[in-house]
Amino acid sequence: MAHLELLTPRLEESLRFFTEVMGLTVSGTEEASVYLRGWDDYEHHTLKLTAAQTSGLGHFAFRVRSPEALQRRVRQLEALGWGGGWTEGDAGHGPAYRFTTPDGHPMELYYETRWYTPSEATRPALKNQAARFPGKGANLRRLDHLNLLASDVRVMRVFMEEGLGMKVTEQIIFSGGDEQGVWLTSNNKTYDIAITKDHRGARGRFHHCTYAVDSREEVLRAADICLEHGVFIETGPHKHAIQQTFFLYVYEPGGNRFEVACPGARLLLAPDWKPIVWNEEERKRGQAWGLQTVPTFHTYGTPPVEKE
């Protein structure tokens, strides 16, 4: 998972949220867009904010392992009928292959990238760290994962597996085989992307993106910081049952849902991992400690399909 672009109708306020409250730093600007990164993100940026008429996802991108891997993946996508076309690349990276998922989410794959070069002001004491710890806001360390809403979770799962070579780690499957959610990885993290059912029946919508911090205590501190700045907290701090992430969900000023999370030490090290499947009865028990999921978590997404 390399980066994503969020659309916002309130660019200046969204920028203040991500820099002053969340602690991201600006790595560049371009026309109606601003590029940001966490203090240990190694690339030029992991978040692009773009002024738009409404909220939502502009695009998201994965970086592949090599130039050869990029060509192989493009051939596979085209063979499956999901091909798109090449772009010259956004700020911070080289040529990208852009296409849309079966549900309509714009996506890119690329290899060539510009690594972040710290200035004297951001140079870390330890050279195996991308930048100096900022000591500002929630001090978000790195981009962790993305959650997409989809009208058909099964179709999206098959696309991610066959088209992109991703591996399923956990799923929600209700009686009758109805797939409600899936979590997939492209490396040894337990997930890079989650896809969940859009209860509004819409296509191509965005649920949330997540940046990681090092500890649960930092998630709790992020909640205090959001409280001080008047940021709307939707749910949390709490612990997910699926993937066991310790979480806090808020809405940024542009209307997009955003998560601060501590993934803990969970890594996918087993080469023969079998997906964990959750049924409807298990999900009705709520999160890890029994807290019921708030209704908006299942219905709210961006762009909004009606007054939400």
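For this structure, a couple of remarks:
- Any hit, segment 63-72, residues being touching a residue at least 24 places away in the same chain (Cβ under 8 Å), surrounded by 14 or more Cβ atoms within 10 Å (Cβ to Cβ), closer than 23 Å to R205 by Cβ and not charged (D, E, K, R): no
- Pair list, Cβ < 6 Å and 6+ apart or interchain, from segment 81-95 residues that are among the β-branched types (V, I, T) to residues that are open to solvent by 30 Å² or more (accessible area, probe 1.4 Å): T87/R98
- Residues (hydroxyl-bearing (S, T, Y), in a loop (DSSP other than H, G, I, E, B) and surrounded by 15 or more Cβ atoms within 10 Å (Cβ to Cβ)) located in segment 76-128: T101, Y111, Y116, T122
- Filtering segment 157-194 to residues that are among the charged types (D, E, K, R), touching a helix residue (DSSP H, G or I) at 6+ places or on another chain (Cβ under 9 Å) and at pLDDT 95 or above leaves E162, K167, E179.
- Members of segment 236-267 that are small (G, A, S) and either surrounded by fewer than 20 Cβ atoms within 10 Å (Cβ to Cβ) or without any contact (Cβ under 8 Å) to a residue 40 or more places away in the chain (or both): G236, A241, G264, A265
- Hey, L24 in contact with a helix residue (DSSP H, G or I) (Cβ under 6 Å, 6 or more places away or on another chain) and closer than 14 Å to N139 by Cβ or not: yes
- Under the condition of being under 19 Å from T122 (Cβ atoms) and either open to solvent by less than 10 Å² (accessible area, probe 1.4 Å) or hydroxyl-bearing (S, T, Y) (or both), the residues counted in segment 4-20 number 2.
- All conditions in (1) within 24 Å of T185 (Cβ to Cβ); (2) of a type outside the set (S, T, Y); (3) surrounded by 13 or more Cβ atoms within 10 Å (Cβ to Cβ) hold for D272, with the sole exception of (3).
- Note on segment 135-235: no enclosed strands (runs of 3 or more DSSP E) hold 3 or more residues that are on the phi > 0 side of the Ramachandran plot, open to solvent by 10 Å² or more (accessible area, probe 1.4 Å) and in contact (Cβ under 8 Å) with a residue 40 or more places away in the chain.
- Odd one out for H229, checked against (1) closer than 24 Å to L49 by Cα; (2) in contact with a strand residue (DSSP E or B) (Cβ under 8 Å, 6 or more places away or on another chain): (2)
The values are calculated or read from the model by the stated rules, or taken from the named source; none is laboratory data. None of these values were measured; they are calculated from a predicted model. Glycine also receives a Cβ, built like all others from the backbone with ideal geometry; neighbour counts cover every protein chain displayed. Just the protein is used for accessible areas: all its heavy atoms, side chains included, with ligands, DNA and RNA removed. Shrake-Rupley method; radii C 1.70, N 1.55, O 1.52, S 1.80 Å.
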